[in-house]
Each structure stands twice: as C-alpha cells, then as structure tokens.
Amino acid sequence: MAVARFVVRARSLARRDGDVFSLDSALRPAKLEVLLEAATGRRAVVELGTGTAWATIALAIADPERTIESWDPVVREQRERYLALAGPDVRRRISFVEGLGEDGPGAVAGVDPLFIDSSHEREPTLAEVYPGVAEAVDELGAVGQASASLYLWRTG
C-alpha cells in the first residue's frame, strides 16, 4: 500500500512539473510488482540505472530492512523531489553512485537481486554484468525467468 501511495504521488508530481522523462521511463505497475516480488526478503539490492529513482524508492519503501545501491552516470535533478515524497528513513537506506554500471559495485557476493535497468542496449548491458557473473549464476544453479518483460535471476 505504501508503494502504491508513493507511485500515485510521484506520478502526480511528475505531471504537475512536466517531468516527461519520469512518466515515460518509470516501471509500469505490472513490472514494478514483479520486481518487488522478486526482491521480497532480499536485503541488499544493487540497481544499475537509477533514472529519477522511482524503482529505487519503491524497493526501499517495500522493506524497511532493505538497502539499495543504485548506479547511474547521469544524476537527474528531479530525483531529490521524488525522494522527498518517501521520507528520511528511505533516503538513509539508499546509496546513489554517479557512475556507469560497468564500473559498478565490483563483487556481487551478498547482492540479491541485481536489477539492471540502464542502457537497454546489448553491449553496455554485457559490460555491466561483471565478468564471470553469468558463469557464477550457472554454477550456483540460479533459476531465471521472464515476467512482465523483465528477466529475473534468483539465487534461492
């Protein structure tokens, strides 16, 4: 319910401010629901591609124990306005890093899930998924699935 309230308030603010980027790029409710379900019980999330942080904020609102590290080379000025809708507790649990996903958080041990929503192009996405991750996922026997046009790797 709190996530839905945030999304309604963020959409309203974006419409009022003429923030077309956020209105066009934010995850639609069905995709956001899939992401939040995949993150259920997961405490350390890494996101590649912050945008104006709607998904980042939703992930933090959905679980008060969760921390999120979000990478993006572009810091969008609107981001702080949407963070203000969520409150200081949410903001304290989010770490924003100005940088490319391929320069990302290095070791992915302890990260679950890794949410990639950045360039949407093949080569940059391959560069973001750190060398050895695909092999490690296979070796761990992680299960992948497509849902609401998102692809999710789960580790258990």
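The values are calculated or read from the model by the stated rules, or taken from the named source; none is laboratory data. Quick caveat, the model's predicted, so the values are computed rather than measured. FYI the Cβ positions are ideal-geometry reconstructions off the backbone, even for glycines, and counts take in every protein chain you see.
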(request) Could you list all residues from region 35-57 that are assigned to a loop (DSSP other than H, G, I, E, B) and either touching a residue at least 24 places away in the same chain (Cβ under 8 Å) or hydrophobic (A, V, I, L, M, F, W, C) (or both)? (result) Arg42, Arg43, Gly49, Thr50, Gly51, Thr52, Ala53
(message) Against the condition closer than 15 Å to Phe96 by Cβ, loosely packed, with under 12 Cβ neighbours inside 10 Å and hydrophobic (A, V, I, L, M, F, W, C), how does Val45 come out, does it pass?
(response) no
(request) For Leu32, work out the one condition from (1) in a helix (DSSP H, G or I); (2) under 12 Å from the mean Cα position of the chain (by Cα); (3) surrounded by 22 or more Cβ atoms within 10 Å (Cβ to Cβ) it doesn't fulfil. (result) (3)
(request) Check region 82-100 and report whether any residue there is modelled with pLDDT of 60 or more, under 23 Å from Ala2 (Cβ atoms) and part of a loop (DSSP other than H, G, I, E, B). (result) yes
(request) Could you tell me which numbered condition Ala58 fails, if it satisfies all but one of (1) small (Gly, Ala, Ser); (2) at pLDDT below 95; (3) within 21 Å of Ala2 (Cα to Cα)? (result) (2)
(request) Please give the number of the condition Ser25 fails out of (1) closer than 16 Å to Glu77 by Cα; (2) free of Cβ contacts under 8 Å to residues at least 24 places away in the same chain. (result) (2)
(request) Report, by residue number, each residue of region 1-22 that is surrounded by fewer than 13 Cβ atoms within 10 Å (Cβ to Cβ) and free of Cβ contacts under 8 Å to residues at least 40 places away in the same chain. (result) Met1, Arg5, Val8, Ser12, Arg15, Arg16, Gly18, Val20
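Does region 40-62 hold any residues that are farther than 21 Å from Arg11 by Cβ and of a type in the set (Gly, Ala, Ser), and which are they?
Matches in region 40-62: Gly41, Ala44.
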(request) Using the structure shown, decide if Gly87 is small (Gly, Ala, Ser) and touching a residue at least 40 places away in the same chain (Cβ under 8 Å). (result) no
